[in-house]
Structure formats: C-alpha cells, structure tokens
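These notes concern the structure reproduced below.
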Amino acid sequence: MPKDGGIGAPTRRREDYRFLTGRGRYSDDIKTQGECAAIFARSTVAHGTIKSIDTSAAAAMPGVLAIFTGEDFVEVGGNPAGWLINSRDGEPMKEPKRPVLAHGKVRHVGDAYAAVIAETVQQARDAAEMIEIDIEEHDAVVNMKDALAGTTYVHDEIGTNQCFDWGWIEDNRAATDAAIQGAHHVTTLELVNNRLVPNAMETRCSIGHYDTGTGDYTLHTTSQNPHLTRLLLSAFVMGIPENKLTVIAPDVGGGFGSKIYHYGEEALVLAAAKKLGRTVKWTSDRSEAFQTDAHGRDHVTKIELALDEEGNFLAFRTETHANVGAYLSNFSTATPTFLHGTLMAGNYTVPNVYVNVKAVFTNTAPVDAYRGAGRPEATYSLERVIDMAAREIGMDPIELRRKNFIKPDQYPFASAAGLEYDSGNYDALMDQMEKVADKAGFAARRAESESKGLLRGFGVNAYVEACGIAPSNLVGVLGSRVGLYDAATVRVNATGNLSVMVGAHSHGQGHETVFPQVVAEMLGIDPGSIDIVHGDTSKIPFGMGTYGSRSLAVCGSAVVRATEKIIVKATKIAAHMLEADAADVEFKDGTFSVVGTNQSVSFGEVALKAYIPHQFPIEDIEPGLEETAFYDPANFTYPSGAYCCEVEVDPETGKVRVNRMTAVDDFGNVINPMVVTGQVHGGLGQGIGQALMENTTYDSDGQLLSASYMDYAMPRADDLPFYTVDHSQGTACTHNPLGVKGCGEAGAIGSPPTVVNAVIDALQSGGKNVTHIDMPVTPHRVWSAMKNAG
Amino acid sequence: MYAFDIECPTSVADAVTALQAEEAQPLSGGQTLIPTLKQRLAAPSTLVSLTKIPEMQGIEASGGTVRIGGAVTHATVAASVGQAYPALADLASRIGDPAVRNRGTIGGSLANNDPSACYPAAALGSGATIITNTREIAADDYFQGMFVTALEEGEIVTGVSFPVPEKANYQKFIQPASRFPLVAVFVAKYGDGVRVAVTGASNEGVFRWAEAEQALSANFSADAVSGLQVDDSNLIADLHGSADYRAHLIKVMTGRAVTAAA
Amino acid sequence: MAKVSMTVNGTSVSREVEGQTLLVSMLREDLRLTGTHVGCDTSQCGACVVHVNGKAVKSCTMFAVEADGAEVSTIEGQANADGTLSTIQQAFQEHHGLQCGFCTPGMVMSAAALLKDNPTPTEGEVRAYLDGNICRCTGYHNIVKAIMAASGQDVSAIAAE
Ligand code: FES
Ligand code: FES
C-alpha cells in the first residue's frame, strides 16, 4: 500500500474545497477598481475585403473610452506558428501574418476587426453595434479540396490556399508504394475526422493592466501556459520586454488545448490598458467562443492497409487534408504532422508507412490541438481500417491486431513512422481488456438486446500515442521553434514547509495535489506542508505549460530533479550539523542520520539551519535551501491501451447508445490513481461525444451553423454510461525518473474508433451491409446508412 | 441585452394595460425569451412579467377537463396532473431540464409556439382550448405556423383547458444538442376519435397528421400506421435530420405512442 | 432602475438594479458571489444554477427583479456553518466528481435540488436530472457516482478508486 499522500495513493484533491464552496478564482471572477470593458466587433461574413471602417458614431456613444481597429496594430507583429513545416519539395510552409485585429480582409465569421473600450460592458456592446464597416464580400473558401483547386485565396499574398504539402517519411515512400502494389490484399477507407469545438466550460477571459508608475504590464488570462503567452507577446506580437510583463492564469476552467494558444484579445487588452492607463477586461461569451476558440481535428483522410496472405501488415499509406482554418494558430502546423504522421505505425510491426498531409487554409476559425491533437486522428484512421480489413479477410479483429502487435521483447522498438517506443505490452493490455470487459459474456448480452429489438455491437481498439511532449533536440530537428522542457523550483522555507513553483499549469488535472505527493514521498514529509505555486510568470522560473499529457512526465521530472538537488544540499547541511562526512549521512523517511550511529537530524531541523547559518561553513555551503531544475525529456513517452465498448443500435431510429465502455491503459507508473482514472473518464466522454454527437458545421458561405449549444451537441450525463477503467498493466517509462507516461489524452484517443467499430459490428449483426459511417454517427446518419445498404 | 424596464403586475387587467405601452412585451418564464434578448434579437422598452398574477396560477381538474393557469410552470404541471392527465404530466416532466421546468410556463410556451416545443403538441393533440384575457380559442384555430398564433398584439394566454382523453401518450425523439424534439408525437384517443399532433418536424410548426388520425380512429394499434407515408415536402431539413428522416420518425414515434398508450 | 431585496444565503440584501440585470449578474457583480458561473448564453450549461425559494433555477435566465422578495441560495451557502463540506460537497470530493471545478457549483446545486425531491435516485434518475448541467471534464461518471453516494447508496460496485 502506498503511503497516504505519497506516490501511488488516491489522495483526495486539496483544490476541491475552494471549488466546492464557490471560492475558486477564475479570471472573470476578478474585479478591479476602475476597470473598463472591451467588446469586439466581429465579422458576420466569412471572407471579404474591408473597404472602410467608420468608428465616429460609435466613439460618440456614452461611456466609450477608445476604439481600436486593425490599423492600430499594423506596426506590431503577428501571432506566429510555433512549428516550421517544410513541404516535400523542401519549400517552407506558408505563414501569412495573423494580426491582433483583422486588417485588409476579414477571413472567418467571428474575425475581430475592431474593439471598443467603454466604462461598462453594456456601453461597449451598444457602441460596437454602431461601428460601420463596409466589406466587399468574396466567395468563402470552406471545402478543403475546392480550396486547393480554386483561385479564391484566404490570403491573397501567398497565392495559394495550401499551407504545406508534407511527406513522412519521404524516404519510405517508394517502398510503401511497392508494398501496396504487390500486396495480397489492400483495404482502402476514406474517412472524415470531424471538426470539434473544445468547449471548456469556462470561456476565455483576459484582463490587461498597465502600471503607469513603473511601466509594468500584467495580463490575467485563461491560459494553459502563461509563460508561452508571455513569450509570444514579448518576442513576436507586442514587443513588451519579458521583464516588464507578468502573465497570470488563475484557476482555469478547462482547456483541452484551446487555452494553450495566444489570442489577439490578450494583446488588445494590454494595448488598451496602456493607452488608457486603466484595467481593461474582456470575457468571451459562448457564442464568441464557438466562433473564435481554436477548433480541433477536421481531417479528411484516405488510408490504405496492405496485408499478406496470413494477415501480416505490410504497409499503411495515408493521404490527409488537414484544415488549419483562416490563420495559423500556434501549434496548428505540428498537430497534423509530427503529432499525427509519426504515430501512423500504431502498435504494429508494420515495415512500411508513408503519410502525406496537405494543410489547407479556409475561411473558418483556426484549427489547432484539441485533446489528443493528431494522435486521435492517427488512431482513428488506423483502427478503423484495421477493423475493416479484418472483416474483409474474415479474421477476428482482435486476432488480427494481436498478430501484428509489437511484442514485449522488441523494445526499444523503432517504428516505421520514425519514433522509438521505449516500453509497452500490448498483448497484456488486450488480455486484461477481454477479462475486465467480460468479452465472453457478450453473446448473451447481444441476445438480450436483440430480444428488445435492438442491435448490439462489440468494438475494439488498440492505440499507442506519443506524449510527455517533448524532447527539445528531437522537436528542434522536426521544426519546433521552441524547446519543450519544463522547470520547477523547490523552495524549503525556514520552518520546514515547502513552496514548489512549477511551469505546468493545472486546468483541472489536480496538480496541487499530485505534485506534493511526489515531493512528500521523496522527502518523507507530510504532503500537507507542501504547496504548489503555478500560473504566474512572476513567481515561477519558466514553464512550457500543460498539454500533450506532459505535466507529470516533463514538469514532474523537473520537480524530481529539483527535489534531488534539495536532498543533496540538505545532506551536506545535515553532515555539518552532525559533524560527519556527507558520504556517511543517509536520508530516509525525513531523517538524516549518520550510518551506523544513532545520531540524526530531521528534515525540519536542517531547513531551519539553512536559514540560520550560524557557524556555517559558508565557503562550502550557501545559506538557504532552494533549488531549480529544468528537465528536458530524452524521448516522448508512449502510453498505450486496449479499449472496447458495446453499443445498442435502435434499427428503427438509428439511435446509438454506448452501454459499456472499457479502457485498459498503460500509463507507466501512476502517482494518483484517482486522478488518473478521472482523466480517462473525461477523455472517454469527449471521445464518445466525437464519435456520436459533436460536429462543427460551416455552410458553403462559411457561416457557422453549429454556433451554440442549440446545435452543437455536447454530451450530457444521460448520453454516457459508467466506464470501466483499468491501469493495472503499466510498463514503466524507461527514461524519466518517475517512470510515468501521461494520461490526459488517452480516453479521447482510444474511444472514437472503438465506438464506430462497435456500431458497424452491430449493424452487420443485423444483416445490414454497412462498412463505414463518418463521425459523428448520429441517428440520422445511421438510419441513412441502413437505408442505403438496403 | 438592450436596456429595458420590468413591470410585475399582479392582475391580468394591469398586465393588459402595461402591455399597451410602446414596445412592451410579455415575459413569462423567460426560458426562451431571455436567451433571445441576450442575442439582441429583440429590443423591448418594457417587459411585463406575468408570473406574479394569482389569476394565472392554479390547476383545476373536474368533469373530464384539466384547466391550467397560463403562468403555471412545467414542474408544477408535472407534479400536479399525474392523476388527472398522466400523458400531459409526463410530457411536462420532460420539457427542457429541471431548472428550466421550474421557470418555464405553459402560457409562455403556447404563446411562443416554437416549432420544436412540446406543449403545442399536447394542446393540439388534445384539442385543448386556449383561454386569453379576451376570448377562448380552439387549438385547431390557435396554431398558425412557426412562431405564429391567433393571439393579437397584447393578448395574454391566461389559461389552457384540456379535455382528458381515454388514452394518450407522448413520444419524443430529441435533437441531441438542444434537447428539443427533433420529432415528437402526441397521440390522444377520445370517444369520438383519435388526435395525432406532431411537433419538431414541420416548417409550419405543430400539425395534425390526418391520415394517422383516421387510421387510428378505426383501429387503435401501431399496425394501423405502419403502412402510412408522411408527406415530407414541408418538413424541416437541417443539420440534425433530413425531411425524409423526420417523416420516418413521425411514423415510428406515432406507432410507439399508440403502443405505449394502448 | 428598480430596487430589489432578497435573502441570499440567509442574509438580506437590497440593491438598485436595471431591468435587464440578470440574477447571475447581481450575484456575481454586485454581491461578489462569484461561485455561481456563466458558461453559455443559451440557458443550457447549468453552471449558473442556484436555488430560488428552494427550487433549482438558472440564474442566467431570470432577472434580478424577478427574484425580489425571494430566498436565494448559492454555492457559497452550501457548506456547514463551521465551514466543513456538506454531505453532497463531501461526496464530490471523495468520489472525484470535479476536475476544473467550473461546472461544479451548478452540479452541486442541482444535486441538492434532486436529493430534496428524490432522496435515493437511481443512476438513470440522476443522469436525467443533470440534463441541464454540462460538464466537459469528468465524463460525468464520478458526478453521478458522487450524487448517488451522497444519497446514502452503496456505490462500491461502481468502478474506480
Ligand atoms: S450560464 Fe449556461 S445555463 Fe446559465
Ligand atoms: S469539472 Fe470542469 S466542467 Fe465539470
């Protein structure tokens, strides 16, 4: 049994008290004396040239303090893309400027072309309606294939709608083509990975503050990584020196990717604060969120799987069109490439993989990483085509997967898509899944469903993903413009309690509880004496934030390294106190003792001594007890899993219900199983939502049809079942100190193909010859598919 | 929202007077109106609240009729008419969500006549009488198309009177985002025939499915409708379902309602 | 402007508000009770659920004026007098029924209303009752479990730590 509050314990979360009693502090909860309000005027058309903007009537409205348009930001920089992708021909990707406010053209519905600052929100909104904009409308570029064929450009200055045409791995292309050419059987599937809106329940909010006395700026904002926002604002957009800008993200109400990025509204409130010498606040409403938060997924893919007579995989070849929307969001170019193409070998020993991705500009909101980011797209393509192949060649889908799995003795395994998997045991996961899901009992459950007139299907899936993002050396080669290490400072206060400053920032993951578990275990002290400090660039050394299931694997490793340094120094102090040689001092359970004696000092005594260094050997040991570590991972981590679910389909209406959902994951070692399970639950909810309900639809004019919860189907409690989650089959990560892999995205990666596979199985069991339905598998789509299958 | 005042009269007469003001608009439970106001799709000068008027509260069941005050909430209907008119209570218990049911009112729903609302199906399916401050209107005359009713400017739905059928049932197939009906069917069997009202499906708002009524009046079983076809030429086609899908669902939901009622 | 008076978590308050002031705005902006959240503009997410005269309502879909004379309770008034968590709040913590915490006030208020009417709800009843409360983080598993546990039911058969 793990120690309460130590590694492996399901410690209850300390942050819950404030959230449960209404004392959380989210950005919009902050109210500052003398604050004023910003409201954005947003385009109602998808594509057009701005002929003129007349703000005079608006400026004369009561309470109006200032109005900004794109003109005001011509001199400042654009919001950049974080990854440079080169096309197959070696050409760098196209990077049109993403301005703070639209200038010259509006490029999607919701594109902000002006901002009004007024005393109250109501006044700002009234005035924003009075801004007169004259727009010459152009045809909207919406469909990706049309975008590539047409001559209407989202960004005229680049003369194309193609951002890049990327091949991975170009050297494998000929061999992959040859393998497919000569294969015994090839299964081909064209599919859509539906566009999603992340929909964190807290909408974005930014508050700019400028201190007219010192010239310092402060930005409170809903961010998963305040340091990156500061870096982008400083180095690219506003040119504010980093030492004059503090970015604070207080409690963050969910993010799922959408709050990784820097958005123009953040720059605007800072510029306005400076101009007015007032605090300027903007809170997005949900309608704005639908139009302007970075969306996710939106791939159209053709995948081919080549097999030999025995069912061995010979090659995967994919062609994907990836929508990047109207502007490049910060990680938008990494998501369909290095977070997607590199995973296209899946859990398999397949020798040949080739991936082609064309990224396309359209007159839609920017698209970027959303929970899983690229890996759900990869897994969905792979696991759907494998299921289809199994059906075509008449092999059990589990058997076909097992036949091609990488075996436990093959690690480290160099995948055909260019990654080196360090550990895993896919057969063990599959075994466990079959057991906990009671696969054996499925036939009886199917009979039971059929007796009620319902079709029942069983769907499976195996996935491997790359997280713990990411080794800077590797991503640097791949085009990343930043390093992806993380940092932590462990400060032991004189009275023995600790403040741990971490670069990761929780938006629901429970960092305040989990990081102390690690430190408490290492130091043998009460976790209650350890507090986490996060989300404030003025208090933390540096951080690359929370996404890509990286907090524990990367930032947690930095915490371990910093704590190790604390132990080294504290041991020296203890040795001095004990008048012993440091080499003879042992640290265990919070006590330093001289080996072979009964002399000891506690951790608390050492802490006090560090700050009251009377008779200290100051030439050997500095006073104080505080250490910082930056940790850069040696490799990605590779969580994997085997999932299954059972669905019931109503053949009369097409309605699908997920009845049972089982997720067996290998996350390596687990620090807090309660939190890990909760993360999987959340991912499953979103994955089932993607599979069955959620879709972002633009019409051919670029109007967003699914623009509110009236038309964008969010999963609710009665759409979802209880889940079975198991992480008993972990294989420790071999290259980070905790042996952890990351659990935040798995559920959203593993579940969509599982659900769709189950629906197809159900329909086939009912004699309907349906082989594929695109997500979301809505009742209407199921009904149509059944009807078309005859 | 634009700026406006709210008045809370305590009698129908005062409400009627208040509604005569320029750009005055009635406010019932507000569960549809307030989101509309947030989008700035309406700019009233005054909202006249109808929820503090005692005359518009109360439910009476007698002589085969259930009469419900216009300002009675869905939650109250759900909790109160289970004995007198179970299908109506069941319908009310599934409108929106619990918090919406605690505010939304039957009068507000009928006055708004959203093409996907539940109550219009019950009112039309029951052949109810809509009672206003000036007159009584038969449901068949009251619903005149999407968001259109027989109400005059300033006229208030003060109550609704439902004749209680021998059997009735409401089957709702929800639109998964809004949770409003994608298609819902209210079937009620009276001594003199069967009424079938469909909501969610038509560009004309709630409507009666005459062929089904005829068939069911002759033979009250799901089989009676299985051979019928719904004309889909005026049905809604949107993100959530095509017209022919809605036509299909009308048939399925009608059959299920009959089976559940029978 | 109109003057409204109400009791909020047992304390009488009076404020001058405009007609269009929503109850949630009065709570958050005027009374600085920021535990009640706003997550949408279409009355669907339930982050704003409070009790008015003992009934769960969406405070984003009710004007402050309409709550004149009412007894309002919000998440800030749910804990025991000594500051310890109520049974429902405790169950949410014990069963990890919250992650980012943004939907949580609305969930707790809805749960309290449910258990008042239905002291031992089934899983299906809990799920149906939460139809107007959206959570994007938890997949609902632990919320449903927490509410069932708060009602005194044995939830040990429902999976997870
Ligand atoms: S804020 Fe979403 S329902 Fe009230
Ligand atoms: S806990 Fe984040 S929305 Fe529910």
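The values are calculated or read from the model by the stated rules, or taken from the named source; none is laboratory data. Please read these numbers as outputs of a predicted model, since none were measured by experiment. Ideal geometry is used to build each Cβ from the backbone, glycine not excepted, and the neighbour counts take in all protein chains shown. Quick note on the areas: whole protein, heavy atoms, side chains included, nothing else; ligands and nucleic acids left out. Shrake-Rupley method; radii C 1.70, N 1.55, O 1.52, S 1.80 Å.
This table checks each residue for (1) at pLDDT 95 or above; (2) aliphatic (A, V, I, L, M); (3) in a helix (DSSP H, G or I).
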residue	(1), (2), (3)
A:Arg491	yes, no, no
A:Pro516	yes, no, yes
A:Met522	yes, yes, yes
A:Phe542	no, no, no
A:Lys565	yes, no, yes
A:Lys572	yes, no, yes
- Query: Checking B:Ser126 against (1) buried (at least 24 other Cβ atoms within 10 Å of the Cβ); (2) within 14 Å of chain C (Cβ to nearest Cβ), which single condition isn't satisfied?
  - Reply: (2)
- Query: Restricting the first residue to the stretch B:214-235 and requiring it to be acidic (Asp, Glu), which pairs with a second residue that is at pLDDT 95 or above meet a Cβ separation below 7 Å and a spacing of at least six or different chains?
  - Reply: B:Asp232/B:Ala243; B:Asp232/B:Asp244; B:Asp232/B:Arg246; B:Asp232/B:Ala247
- Item | Hits in the stretch B:135-171 (condition: of a type in the set (D, E, K, R) and part of a loop (DSSP other than H, G, I, E, B)) | B:Arg135, B:Glu152, B:Glu153, B:Glu155, B:Glu166
- Message: So for the stretch A:668-681 (the condition being modelled with pLDDT of 95 or more and open to solvent by 20 Å² or more (accessible area, probe 1.4 Å)), does at least one residue qualify?
- Response: yes
- Query: Can you tell me which residue in the stretch C:93-130 is nearest to ligand 2 (Cβ to nearest atom), limited to those that are facing another protein chain (nearest Cβ under 7 Å) and open to solvent by 20 Å² or more (accessible area, probe 1.4 Å)?
  - Reply: C:Gln93
- Task: Run down A:Thr152, A:Thr176 and say which single residue is of a type in the set (Val, Ile, Thr) and assigned to a loop (DSSP other than H, G, I, E, B).
- Result: A:Thr152
- Message: Suppose the filter is touching a helix residue (DSSP H, G or I) at 6+ places or on another chain (Cβ under 7 Å), away from ligand 1 (no atom under 16 Å from the Cβ) and open to solvent by 10 Å² or more (accessible area, probe 1.4 Å); does C:Glu71 pass it?
- Response: no
- Message: Just to confirm my filter: which helices (runs of 4 or more DSSP H) fall fully inside the stretch A:207-306 and include at least 3 residues that are touching a strand residue (DSSP E or B) at 6+ places or on another chain (Cβ under 8 Å) and not polar (S, T, N, Q)?
- Response: A:226-232, A:264-276
- Item | A:Val76 being under 17 Å from A:Gly208 (Cβ atoms), away from chain C (no Cβ under 14 Å) and modelled with pLDDT under 95 | yes
- Which members of the stretch A:575-589 meet the condition of being closer than 23 Å to A:Val518 by Cβ and crowded, with 16+ Cβ neighbours inside 10 Å? A:Val585, A:Phe587
- Message: Yes or no: the stretch B:37-49 includes at least one residue that is out of contact with any Ser or Thr (no Cβ under 8 Å at 6 or more places or on another chain), open to solvent by less than 40 Å² (accessible area, probe 1.4 Å) and of a type in the set (Lys, Arg).
- Response: yes
- Task: Could you pull out the residue among A:Asn172, A:Asn161, A:Asn194 that is farther than 30 Å from A:Ala37 by Cα, within 14 Å of another protein chain (Cβ to nearest Cβ) and more than 16 Å from ligand 1 (Cβ to nearest atom)?
- Result: A:Asn194
- Query: Which residues, counting only those in the stretch B:180-191, are open to solvent by 20 Å² or more (accessible area, probe 1.4 Å) and either modelled with pLDDT under 95 or within 13 Å of chain A (Cβ to nearest Cβ) (or both)?
  - Reply: B:Phe180
- Message: I need the full set of residues from the stretch B:1-34 which are farther than 23 Å from A:Gln123 by Cβ, assigned to a loop (DSSP other than H, G, I, E, B) and not β-branched (Val, Ile, Thr), in order please.
- Response: B:Cys8, B:Pro9, B:Ser11, B:Leu19, B:Gln20, B:Ala21, B:Glu22, B:Ser28, B:Gly29, B:Gly30, B:Gln31
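Conditions (1) more than 10 Å from ligand 1 (Cβ to nearest atom); (2) in a loop (DSSP other than H, G, I, E, B); (3) assigned by TED's automatic domain parsing to the domain that holds C:Leu98; (4) under 23 Å from A:Tyr17 (Cβ atoms), marked per residue:
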{"site": "C:Thr7", "(1), (2), (3), (4)": "yes, no, no, no"}
{"site": "C:Ser14", "(1), (2), (3), (4)": "yes, no, no, no"}
{"site": "C:Leu27", "(1), (2), (3), (4)": "yes, no, no, yes"}
{"site": "C:Gly35", "(1), (2), (3), (4)": "yes, yes, no, yes"}
{"site": "C:Asp41", "(1), (2), (3), (4)": "no, yes, no, no"}
{"site": "C:Cys60", "(1), (2), (3), (4)": "no, no, no, no"}
{"site": "C:Glu66", "(1), (2), (3), (4)": "yes, no, no, no"}
- Message: Can you list residue pairs whose Cβ atoms sit under 6 Å apart, with the first residue in the stretch C:50-61 being more than 9 Å from chain B (Cβ to nearest Cβ) and the second being at pLDDT 95 or above and open to solvent by 10 Å² or more (accessible area, probe 1.4 Å)? Count only pairs 6 or more apart in sequence or on different chains.
- Response: C:His51/C:Ser73; C:Asn53/C:Glu71
- Query: From C:Val13, C:Val65, which residue is over 12 Å from the mean Cα position of the chain (by Cα), away from chain A (no Cβ under 13 Å) and crowded, with 19+ Cβ neighbours inside 10 Å?
  - Reply: C:Val65
- Task: State the number of residues belonging to the stretch C:43-53 that are away from ligand 1 (no atom under 12 Å from the Cβ) and outside any loop (DSSP other than H, G, I, E, B).
- Result: 2
- Query: So, in the stretch B:46-99, of the ones that are over 26 Å from C:Ala70 (Cβ atoms), touching a residue at least 40 places away in the same chain (Cβ under 8 Å) and hydroxyl-bearing (Ser, Thr, Tyr), which residue ends up nearest to ligand 2 (Cβ to nearest atom)?
  - Reply: B:Tyr85
- How many of the residues in the stretch A:619-661 are hydroxyl-bearing (Ser, Thr, Tyr), assigned to a strand (DSSP E or B) and open to solvent by less than 10 Å² (accessible area, probe 1.4 Å)? 3
- Query: In the set A:His185, A:His262, A:His227, which member is touching a residue at least 12 places away in the same chain (Cβ under 8 Å), on the phi < 0 side of the Ramachandran plot, more than 14 Å from chain C (Cβ to nearest Cβ) and open to solvent by 40 Å² or more (accessible area, probe 1.4 Å)?
  - Reply: A:His185
- Task: Kindly indicate the residue of the stretch A:682-696 that is assigned to a loop (DSSP other than H, G, I, E, B) and out of contact with any Asp or Glu (no Cβ under 8 Å at 6 or more places or on another chain) and also surrounded by the fewest Cβ atoms within 10 Å (Cβ to Cβ) among those meeting that condition.
- Result: A:Asn695
- Tell me the strands (runs of 3 or more DSSP E) entirely within the stretch B:52-134 that contain at least 2 residues that are among the hydroxyl-bearing types (Ser, Thr, Tyr) and either at pLDDT 95 or above or within 12 Å of the chain's Cα centre (by Cα) (or both). B:129-132
- A:Asp211 open to solvent by 40 Å² or more (accessible area, probe 1.4 Å), outside the structural domain of A:Tyr370 (by TED's automatic domain parsing) and free of Cβ contacts under 8 Å to residues at least 24 places away in the same chain: yes
- How many residues are within 25 Å of the chain's Cα centre (by Cα) and open to solvent by 70 Å² or more (accessible area, probe 1.4 Å) if we restrict to the stretch B:1-36? 1
